[in-house]
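None of the figures in this text is laboratory data; all of them are computed from the coordinates on show. Note that this is a predicted model, so its numbers are computed, not measured. Quick reminder, even Gly has a Cβ in these numbers, built from the backbone with ideal geometry, and neighbours come from all protein chains shown.
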Amino acid sequence: MTVIAIDGTFASGKGTLGKGLSAHYGLPYLDTGKLYRAAAKRVLDAGDDVDNARDAARAAKAISADALSDPILKSGPIGAAASRVSVHPEVRAALFDFQRNFAASGGVLDGRDIGTVICPDADVKLYVTASQAERAKRRHAELTGYGENLSVEQVLSQLIERDTRDSTRATAPLKPAEDAHMLDTTGLGIDEVLQAAIEICDAILSR
């Protein structure tokens with residue numbers, strides 16, 4: 001029951017790395033950020049307020065695995081709303097069991113608090129980041145690929161706002177676990193990042 005926890009900043013490459021490690025080790029994969037995005041979408045669809053803890057928690061409690069495959073979850077507006085939903089302790093509590101139950105049989109999970117809160121006993125903990133300029137460029141390419149029309153400067157502004165919100169929230173703020181292995185993906189290709197992560201994982205798992 002191997003558990004690999006991947007935390008890190010927005011648009012740093014956590015998801016791509018998580019999928020790569022999942023395929024390499026034959027482990028199930030969970031993008032925990034989609035839980036918060038799905039909760040945010042439910043709030044918006046109901047005409048409720050993402051900044052209202054009660055509305056957000058009610059939506060989070062209704063999330064099922066089926067909701068995570070909706071492609072709209074990757075959109076900019078849903079991502080921005082998810083960042084606001086995720087600050088509510090009631091939302092994080094509502095989604096805690098979903099994540100713990102997934103990890104119980106082993107897997108790769110990526111998010112903001114996997115190594116610190118969800119799976120503090122994970123076999124391997126990775127913390128992934130990149131420069132803000134690099135992350136803004138990546139996210140801009142992703143969003144324009146979905147047909148959204150905005151500038152790199154707008155994306156950077158949103159990214160900085162999100163970094164601040166994620167790292168300063170009262171409940172489960174974004175930070176590396178004390179025993180996390182740091183991966184800076186600035187200037188690196190997907191294969192290079194995956195290979196570096198595999199070397200870390202293999203070294204730890206072989207002990």
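Quick rundown of the values:
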{"item": "Sequence-separation-based contact order of the chain, relative, with Cα cut under 8 Å and 6+ spacing, percent", "result": "33"}
{"item": "Separation of alpha-carbon centers, the range 106-182 and the range 1-57, rounded to whole Å", "result": "10"}
{"item": "In sequence order, calculated HN-Hα J values of the range 28-39 (Karplus, 6.51, -1.76, 1.60; Hz; x Gly/Pro)", "result": "x, 10, 10, 8, 5, x, 5, 4, 6, 5, 5, 5"}
{"item": "Per-peptide average of other Cβ atoms within 10 Å, ordering 71-84, 113-126, 93-106, 144-157 highest first", "result": "113-126, 71-84, 93-106, 144-157"}
{"item": "Integer Hz, Karplus 6.51/-1.76/1.60 couplings in order for the range 178-194, x for Gly and Pro", "result": "4, 9, 7, 9, 7, 10, 9, 8, 4, x, 9, x, 4, 5, 5, 5, 4"}
{"item": "Placed amide H near H181: partners under 5 Å, 5+ positions off or other chain", "result": "K125, L126, Y127"}
{"item": "Whichever aspartates and glutamates have a C-alpha closer than 14 Å to that of K19, once near sequence neighbours (fewer than 8 apart) are set aside", "result": "D7, D31, D110, D191"}
{"item": "Karplus 3J(HN,Hα) series, Hz, for the range 134-141 with 6.51 cos²θ - 1.76 cosθ + 1.60 (x for Gly, Pro)", "result": "5, 5, 5, 5, 5, 5, 4, 4"}
{"item": "Whether the range 122-207 is rounded, prolate or oblate, judged on the alpha carbon gyration tensor where a/c under 1.5 counts as rounded", "result": "oblate"}
{"item": "Amide H partners (placed H, <5 Å) of S131, local residues excluded", "result": "T186"}
{"item": "Interchain or long-range residues, amide H under 5 Å from Y29's placed H", "result": "V108"}
